[in-house]
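Here's the structure, in structure tokens; my notes come after.
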Amino acid sequence: MANRTIQTDSAPAAMGAYSQGVQSGSTLYISGQLGLDPKSGLLLPTFSAQADQTFTNIRFILEEAEFNLNDVVKVTIFMTDLADFGVLNKLMGNLFASDYYPARSTVQVLGLPKGGLIEVDAIAIR
């Protein structure tokens with residue numbers, strides 16, 4: 001099966017030479033998503049709002065490829081301040097079923113594109 005590029009107008013357009021997502025067989029790889037509003041292209045003002053929008057953008061890419069959050073097996077999260085880790089945990093606890101959470105790596109970074117506070121990439125398998 002050939003790789004398939006996943007693109008949806010419901011999530012922010014790629015800011016460079018990459019795809020929002022690539023499906024290879026039953027696996028979907030989602031590029032890092034920021035807390036950008038897809039309509040305005042602007043970052044939302046707070047960590048909480050950016051984190052929520054980041055996962056909303058991921059959901060739209062999943063849906064475009066006919067996947068859902070329960071198909072996500074791994075997320076990598078980049079944050080500019082780990083002091084917001086509790087906010088992230090609460091958000092993820094509300095997003096994913098309590099009996100299933102994906103594997104996760106979270107790292108603090110010096111900076112993110114456009115001055116974002118959080119970026120998340122994901123791998124989903126159907």
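Any read-out appearing in this document is the output of simple, stated calculations on the displayed coordinates, not a laboratory observation. A quick note: this is a predicted structure, and the numbers were derived from the prediction, not measured. Positions of Cβ are generated from backbone atoms using ideal geometry, with glycine treated the same way; all protein chains shown enter the neighbour counts.
Rounded to the nearest 500 deg cm²/dmol, what is the calculated helix-only ellipticity per residue at 222 nm for the chain, with -39500 (n - 2.57) per DSSP H run of length n ≥ 4? Spell out each step's value before the answer.
On the way: 2 runs with 29 residues, N = 126.
Taking each H run of at least 4 residues, the total per residue is -7500 deg cm²/dmol.
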Margin query: I'd like the Karplus ³J(HN,Hα) series for the stretch 102-118: coefficients 6.51, -1.76, 1.60, θ = phi - 60°, whole numbers in Hz, and an x wherever there's a Gly or Pro.
Written below: x, 4, 8, 10, 10, 10, 8, 10, 5, x, 10, x, 6, x, x, 9, 8
Margin query: 7 Å from Cα along Cα→Cβ at both R4 and T27: what's the point-to-point distance in nm?
Written below: 1.7
Check: Each residue of the stretch 56-68 in order: what ³J(HN,Hα) in whole Hz does its phi give by Karplus 6.51 cos²θ - 1.76 cosθ + 1.60, θ = phi - 60°, with x for Gly and Pro?
Finding: 5, 4, 4, 4, 5, 5, 4, 4, 4, 8, 6, 10, 9
Notebook entry, point to check: Using modelled amide H (1.01 Å from N, peptide plane; none on Pro or chain starts), what sits under 5 Å from the amide H of T106, excluding residues fewer than 5 places away?
Noted result: I77
Notebook entry, point to check: Using θ = phi - 60° and the Karplus form 6.51 cos²θ - 1.76 cosθ + 1.60, what ³J(HN,Hα) does each residue of the stretch 41-51 get, whole Hz, x for Gly and Pro?
Noted result: x, 9, 6, 6, x, 10, 4, 4, 5, 5, 4
Item checked: Cα point-scatterer Debye curve for the chain, base-10 log of I(q)/I(0) at q = 0.17, 0.18 Å⁻¹ -> -0.83, -0.93
